[in-house]
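The values are calculated or read from the model by the stated rules, or taken from the named source; none is laboratory data. Just so it is clear, the model here is predicted, and its values are computed rather than measured. Here the Cβ is made from the backbone with ideal geometry for all residues, glycine too, and neighbour counts use every protein chain on show. Surface accessibility is based on the protein's heavy atoms, side chains included, excluding ligands, DNA and RNA. Shrake-Rupley method; radii C 1.70, N 1.55, O 1.52, S 1.80 Å.
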Amino acid sequence: MKATVTVMLKQGVLDPQGEAVKSALGSMGFEGVGGVRQGKVIELDLADGTSEAQVTEMCEKLLANTVIESYRVEMGA
Amino acid sequence: MKAAVVQFPGSNCDRDMAVGFRHAGFDASLVWHKETALPEGVDVVGVPGGFSYGDYLRCGAIAAQSPIMRAVKDFAAKGGHVLGVCNGFQVLCETQMLPGVLMRNAGLKFVCRSEPLEVATADSPFTNDYSAGQGIDVPIAHHDGNYQIDDEGLTALRSEDRIAFTYRDNPNGSRADIAGVLSANRRVLGMMPHPERAIEDAQGGADGASLFAALAGALVAA
């Protein structure tokens, strides 16, 4: 089974990389990009029966730094 | 006096830090990250700069989970002294031995230069050879040194006098110009600037030597 974890900087935390991407899009001529936030997607290949609670624990302990990052877990088939 | 400097895959300031300790009279050894215990009788642990585990996931995140860091955390919990520099500061934040987090530099560039700092407190075993408000020059070399902490955390650092060093010309966007912070018991110091790169004049300045000397003095007195 698979799980997908999306880690994003929390709202209110300055994202210098997202700002740089936004600025680059603007200079390329793409108009109307009001904001860019950059995060990461982590795909986990898990033993059958792994619970969402276990994946949440992985997020809390390693995959996200909850001081500045939020995460979302999607359990797949 | 014995110092142990931790080596992760990707550490690159480990030997320099050991030299810094030796200059101040420590018997310094290197400890591999897979070890589960520190050498017998260690007085201080150094967590060096570099790019542990290639900075994968987040700077310091994977090193923070290594076997030796469990031992370092226990050592600090029992009152041991720990110095984390650059990547070592990132590792100490990731283990939550120090508060806050180090993010990508606000200017997005890797900054490598000698940096004017201010000693924010002389009340610690690391800084008591300096005087509060003193200006010193110490090299920095980092891409992720932008120290961030929430309002509550910053208030606590200020009220407990736990900001060790500040930048005079903030190079990375750090909140409140913070370059280094102390733990609540003042025995764990994390800092982005590299005192081990400023221990003799041949390196362009020796302002970092006093930090190692202060630590040696504090441990002899203890």
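Results, tabulated for the structure shown:
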{"quantity": "Gyration tensor (alpha-carbon) shape descriptor, chain A, a/c threshold 1.5", "calculated": "prolate"}
{"quantity": "Dipole in debye (nearest 20) - chain B, about Cα centre, beta carbon charges: Lys, Arg +1; Asp, Glu -1", "calculated": "460"}
{"quantity": "Cα shape, the stretch B:49-155, gyration tensor, a/c 1.5 rule", "calculated": "oblate"}
{"quantity": "Net charge dipole size for the stretch B:142-197 [Lys, Arg +1 and Asp, Glu -1 on Cβ; Debye, nearest 20]", "calculated": "240"}
{"quantity": "Whole-Hz ³J(HN,Hα) from phi, Karplus 6.51 cos²θ - 1.76 cosθ + 1.60, for the stretch A:18-32, glycine and proline x", "calculated": "x, 4, 5, 5, 4, 5, 5, 4, x, 6, 7, x, 6, 9, x"}
{"quantity": "Three-way shape call for the stretch B:1-55 based on the alpha-carbon gyration tensor, with the a/c threshold at 1.5", "calculated": "oblate"}
{"quantity": "Charge dipole (debye, nearest 20) of chain A; +1 at Cβ of Lys and Arg, -1 at Cβ of Asp and Glu", "calculated": "240"}
{"quantity": "Residues of type aspartates and glutamates that B:Lys78 reaches as a straight line, Cα spacing below 12 Å, ignoring anything fewer than 8 places off in the same chain", "calculated": "B:Asp43"}
{"quantity": "Shielded residues, the stretch B:92-109 - accessible-area loss of 10 Å² or more between chain alone and all protein chains, probe 1.4 Å", "calculated": "B:Glu94, B:Gln96, B:Gly100, B:Val101, B:Met103, B:Arg104, B:Ala106, B:Leu108"}
{"quantity": "Residue-normalised accessible area of the protein assembly as shown, given per residue in Å² at a 1.4 Å probe", "calculated": "45"}
{"quantity": "The protein assembly as shown - percent of accessible surface contributed by carbon and sulfur, probe 1.4 Å", "calculated": "49"}
{"quantity": "Top of A:Gly29, A:Gly39, A:Gly18 by mean-square fluctuation, Gaussian network on chain A, Cα under 10 Å", "calculated": "A:Gly29"}
{"quantity": "Per-residue [θ]222 nm for the protein assembly as shown (sum of -39500 (n - 2.57) over DSSP H runs n ≥ 4, rounded to 500)", "calculated": "-7000 deg cm²/dmol"}
